[in-house]
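Below is one structure, written out as C-alpha cells, with a few remarks after it.
The values are calculated or read from the model by the stated rules, or taken from the named source; none is laboratory data. Quick caveat, the model's predicted, so the values are computed rather than measured. Here the Cβ is made from the backbone with ideal geometry for all residues, glycine too, and neighbour counts use every protein chain on show. The protein model used for the area step is the full one, side chains on, heavy atoms only, and it has no ligands, DNA or RNA in it. Shrake-Rupley method; radii C 1.70, N 1.55, O 1.52, S 1.80 Å.
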Amino acid sequence: MNRKSIAAITSVLILILIGCSGKESNDADSQSNEVSKTNVNIDSSDAKAEDDDAKTDNVLQISSEKNTSSKNPDSLVKYNGKDLSVLNDAEAVLAELGDYDPKLSCIDDEYKNYVFSTAKIQFDTAIIDGKEASVLLYIYNPDIKTSKNVGLGNSEQDVLDAYGFPDATDSNDPSYSFEYHFPSFDLIFDFETDSQTVEMIRYKNTNNHSKAAP
C-alpha cells in the first residue's frame, strides 16, 4: 500500500473518516520457401463480413473490460441500491458515489484519494497510461455489506464462516487483517485487535495497484 493510502487509513482511526490531511509465445509453423503462383480471387463481400466480425469482436472485448465486475460477483458491494466494484471504470464508480468531500480528499496528484464522508467510503485512483483507473475501495460504513453479507462489526468467526481461511494475514497493532485473493482483486478485512471485529473492508484492484505510482 502506498504512503497516501496508509495516511488515509490512519485518518479513519482518528477522525472516523478516511481522508488526506496535508498504489500486484506463439510459435509459427515453419513454411516452405517455395512461393506459390496460384491466383487467388477475393470476394469483396467476404472481406467485408470478416471486417464486420473483427469490429464486433473488438466491441465485445471493450465491453467485457468495462464490466469485469460481472465476472467477479465477490467484488460487488451495494450502495444506494447500486453495485460498486473496484474492477469498474473509475469514472463509473465516481458517478455512483456522487459528491466527495474536498476538505478530506487529495486529488491533485497522479494518485488520488476521494473521501465520501457521508457515505463513509474512500475511493483511490491512479493515472495509468494516461487514464484515471480504479485502485482501492475502502468501506467503513456499517450499513454496507459484502456480497456474502459481512460488514463492520462482524466477528472474525463470521468472516471465516463466509470466506474460509484467508490467503494471507497481516498484523499491525492495534489492528490485523485477513486477505482473500480473487481473480483481479483482493478482498481485505481489517479487524480491531481487542474486539476482534471488522472495522474496515478494502477492495484492491490488483492489476491497477501494481501499476500505480508509489
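For the stretch 131-148, filtering for residues that are assigned to a strand (DSSP E or B) and open to solvent by 10 Å² or more (accessible area, probe 1.4 Å) leaves 3.
Residue-wise test of (1) of a type outside the set (Gly, Ala, Ser); (2) farther than 25 Å from Thr197 by Cα.
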{"site": "Leu87", "(1), (2)": "yes, yes"}
{"site": "Val93", "(1), (2)": "yes, yes"}
{"site": "Ser105", "(1), (2)": "no, yes"}
{"site": "Tyr114", "(1), (2)": "yes, yes"}
{"site": "Asn141", "(1), (2)": "yes, no"}
{"site": "Thr146", "(1), (2)": "yes, no"}
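The single residue among Ile139, Ile62, Ile128 that is at pLDDT below 95 and aliphatic (A, V, I, L, M) turns out to be Ile62.
Hey, can you tell me all the residues within the stretch 94-130 that are assigned to a loop (DSSP other than H, G, I, E, B), open to solvent by 60 Å² or more (accessible area, probe 1.4 Å) and over 13 Å from Ala212 (Cβ atoms)?
Of everything in the stretch 94-130, those that are assigned to a loop (DSSP other than H, G, I, E, B), open to solvent by 60 Å² or more (accessible area, probe 1.4 Å) and over 13 Å from Ala212 (Cβ atoms) turn out to be Asp99, Tyr100, Pro102, Lys103, Asp108, Thr118, Lys120, Gly130.
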